[in-house]
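Okay, structure first, notes after.
The values are calculated or read from the model by the stated rules, or taken from the named source; none is laboratory data. Being a predicted model, the structure only gives us computed values, none of them experimental. All Cβ positions, glycine included, derive from the backbone under ideal geometry; neighbour counts span all protein chains shown.
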Amino acid sequence: MRHRHPPFSCDTLPDVWLITDARMDDRLEAAIDRLPRGSGVVFRHYHLPAAERRARFRQIARRARQRGHRVVLSGSAGQAWRWNAGGAYGGPCALAKGPALLRLVTAHSLREIGRANRLRADAVLLSPVFPTRSHPGAKTLGAARFRLLASRALVPVIALGGMSRQRAAALKVRRWAAIESLAQPRARPFPIHS
C-alpha cells in the first residue's frame with residue numbers, strides 16, 4: 001500500500017529541514033528524533049549503491065513519517081514518485097518534468113532563482129548562506145546577498161549553508177535547512193510548542 005502524503009501548500013511547508021549525507025549517517029535516526037514535529041528531511045545519501053540507497057531511504061522515511069516529518073528524495077520527480085517520497089529535491093533541470101509532487105529546487109544565484117520561478121517550484125533552497133563544512137572554501141552569499149536573492153523568489157525560500165537555529169533567528173528567516181547543526185548529538189532539543 002502506498003503511503004498517502006499530506007497535501008502541500010505554503011502553509012504546510014516545513015520550517016526546519018534536515019539534509020542527509022554520509023558524514024552523519026550513524027547519527028541520522030537520533031537527529032530525526034530531535035527535529036520538531038512536522039519538519040522536513042531531504043534524503044541524499046549519494047554515496048550508497050542504488051539498491052542500498054533505496055533500502056536506507058525506506059528505513060529513514062518510515063522513521064521520519066512516524067514522527068510527522070515530510071520526506072523528500074534528492075533525485076528526479078519520477079524517481080521520488082516511484083520511491084513513494086513526499087517530494088523531490090534537486091536542480092531546476094532535474095525537476096522540470098515528472099509527476100506532481102512537492103518540488104524543492106536548489107539555487108545559488110539570481111539566474112537559478114529565475115529558473116526556479118519559471119519552473120514553478122514549490123520552494124527554493126538558497127545556498128550557501130554561510131561557510132559550510134560540506135563545501136570548504138566555497139564563496140558564500142552572506143546575509144545581505146541572501147536577502148536580495150530571496151526577495152526575487154516567487155516561492156518560499158529555505159536558507160541553507162552553515163545554518164543553525166541561532167543563525168536562522170539572526171537572519172530572521174522562518175525556513176532553514178542544515179546538515180551538521182541538526183546532526184550534532186549535543187544539539188539542544190527544540191522547544192515544544194503546545
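Quick notes on this structure:
- Breaking point among (1) modelled with pLDDT of 95 or more; (2) over 21 Å from residue 155 (Cα atoms); (3) not polar (S, T, N, Q), for residue 41: (2)
- Number of the condition not met by residue 16 [criteria: (1) at pLDDT below 95; (2) touching a strand residue (DSSP E or B) at 6+ places or on another chain (Cβ under 7 Å); (3) closer than 20 Å to residue 158 by Cβ]: (1)
- Subset of segment 111-133 that is part of a helix (DSSP H, G or I) and not charged (D, E, K, R) - its residue that is surrounded by the most Cβ atoms within 10 Å (Cβ to Cβ): 116
- Tabulated pairs, segment 58-76, first more than 10 Å from residue 86 (Cα to Cα), second in a helix (DSSP H, G or I), C-beta under 6 angstrom, 6+ apart or interchain: 63/29; 63/32; 64/32
- Within segment 38-64, tally of residues that are under 15 Å from the mean Cα position of the chain (by Cα) and within 19 Å of residue 102 (Cα to Cα): 11
- Any chance residue 128 is closer than 20 Å to residue 19 by Cα, touching a His at 6+ places or on another chain (Cβ under 8 Å) and without any contact (Cβ under 8 Å) to a residue 60 or more places away in the chain: yes
- Residue check for residue 62: touching a strand residue (DSSP E or B) at 6+ places or on another chain (Cβ under 6 Å) and of a type in the set (Lys, Arg): no
- Filtered by the rule that a residue be in contact with a Leu (Cβ under 9 Å, 6 or more places away or on another chain) and either part of a loop (DSSP other than H, G, I, E, B) or free of Cβ contacts under 8 Å to residues at least 40 places away in the same chain (or both), segment 134-150 gives 141, 143, 146, 147, 148, 150.
- Single unsatisfied condition, residue 83 versus (1) farther than 27 Å from residue 64 by Cα; (2) in contact with a strand residue (DSSP E or B) (Cβ under 7 Å, 6 or more places away or on another chain): (1)
- From the list 54, 37, the one residue that fits, being in a helix (DSSP H, G or I) and either buried (at least 19 other Cβ atoms within 10 Å of the Cβ) or touching a residue at least 12 places away in the same chain (Cβ under 8 Å) (or both), is 54.
- Picking from residues in segment 70-102 that are part of a loop (DSSP other than H, G, I, E, B), among the hydrophobic types (A, V, I, L, M, F, W, C) and modelled with pLDDT of 75 or more, the one that is surrounded by the fewest Cβ atoms within 10 Å (Cβ to Cβ) is 83.
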